[in-house]
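Please read the structure below before turning to the comments.
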Amino acid sequence: MRDIKKILEERILVLDGAMGTMLQRHKYTEEDFRGERFKDWPVPVQGNNDLLSITQPEAIKEVHRLYFEAGADIVETNTFSGTTIAMADYEMEDLVYELNYESAKIAKEVAEEFTKKEPHKPRFVAGSIGPTNRTASMSPDVNDPGFRAVTFDELRVAYKQQVEALLDGGSDILLVETIFDTLNAKAALFAIEEVKDERNIEVPIMISGTITDASGRTLSGQTAEAFLISVSHIPMLSVGFNCALGASQLTPHLEVLAKKASFGISAHPNAGLPNAFGEYDETPEQMASQIKEYMDKSLVNIIGGCCGTTPEHIKAIAELAKNYKPRTVEVLA
């Protein structure tokens, strides 16, 4: 398959949209999440979307298929919570390898199906590595600021297990995403480097932070530039932002990255900001018209969608991206 770095120099690549938004349409019950295999599981599992790669694999396959049909070049594996740390909520720590492996395998099968049909447009799988539900930089207890719910080493071990399974399942890229605490991300990146060394392999890495509010900072207090500096020691395919904000709110932060980064720039914003019911109202046309600004200003190399985005959103973005050249990267890592 052609090297993704080369393709990135030629055109803007399109990432998929929200997996969770698509799965919510099924209105799965507790029984649907459990399937036959987990029918006697001791704790509730509804809401554990990663588990659906085992209990509802056809539904996951269908989501990938819809995004590829909409024009995506890259789909993300259904593994946002695929660490022992996040799976502890469901007492499913022992399933982590299988969940990641199966999710990557499903995505890879669909990617190969599309690449075979359209060899001129190879499709890629990004192993999705989420932030976990704990933070290494801050205390969850206001009365004990020195307390930490997780250590760097615990994160590193958990991420390493996830990375190994994602690669074994066929991921082409590793995407460390929705980073709200850069220390968590550093543990993931450390784990990736460990696996690369042990296996003597190279893997394209995408890093995507999240600006949490109007202050323009991540949850652990970094500006866009500080975030970039603190991860730039890693050789990567792209750095960018996703989630938390809609497309227009993300523009100034992408401008900072585009000016300073010697890597590709990625963005996968939400479909606007959530309404009072936590739902996203922005239409594909509205979102695409805002993302047009990224392209007019040559800010991005990879573009997709996060919360609230659907294949319709990705189709509108992909149609737009065809007409633009990617941002020029001085040095592609």
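The values are calculated or read from the model by the stated rules, or taken from the named source; none is laboratory data. Since the model is a prediction, treat every value here as computed from it, not as a measurement. Backbone-built Cβ (ideal geometry, glycine too); neighbour counts: all protein chains shown.
Listing for the model above:
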{"quantity": "Residues that are in a helix (DSSP H, G or I) and surrounded by 14 or more Cβ atoms within 10 Å (Cβ to Cβ), drawn from segment 277-292", "calculated": "284, 286, 287, 288, 289, 290, 291, 292"}
{"quantity": "Tally, over segment 194-225, of residues that are out of contact with any helix residue (DSSP H, G or I) (no Cβ under 7 Å at 6 or more places or on another chain) and surrounded by 15 or more Cβ atoms within 10 Å (Cβ to Cβ)", "calculated": "8"}
{"quantity": "Restricting segment 124-142 to residues that are modelled with pLDDT of 85 or more, part of a loop (DSSP other than H, G, I, E, B) and on the phi < 0 side of the Ramachandran plot, the residue that is farthest from the chain's Cα centre (by Cα)", "calculated": "131"}
{"quantity": "Unique match (being buried (at least 17 other Cβ atoms within 10 Å of the Cβ), among the acidic types (Asp, Glu) and part of a helix (DSSP H, G or I)) among 98, 102", "calculated": "102"}
{"quantity": "Single condition residue 324 does not satisfy, out of (1) in contact (Cβ under 8 Å) with a residue 12 or more places away in the chain; (2) of a type outside the set (D, E, K, R); (3) assigned to a helix (DSSP H, G or I)", "calculated": "(3)"}
{"quantity": "Odd one out for residue 80, checked against (1) closer than 24 Å to residue 165 by Cβ; (2) touching a residue at least 60 places away in the same chain (Cβ under 8 Å); (3) in contact with a strand residue (DSSP E or B) (Cβ under 6 Å, 6 or more places away or on another chain); (4) surrounded by 22 or more Cβ atoms within 10 Å (Cβ to Cβ)", "calculated": "(4)"}
{"quantity": "Of all residues making up segment 4-42, the number that are in contact with a His (Cβ under 6 Å, 6 or more places away or on another chain) and part of a strand (DSSP E or B)", "calculated": "1"}
{"quantity": "Single unsatisfied condition, residue 315 versus (1) within 23 Å of residue 128 (Cα to Cα); (2) among the charged types (D, E, K, R); (3) modelled with pLDDT under 95", "calculated": "(3)"}
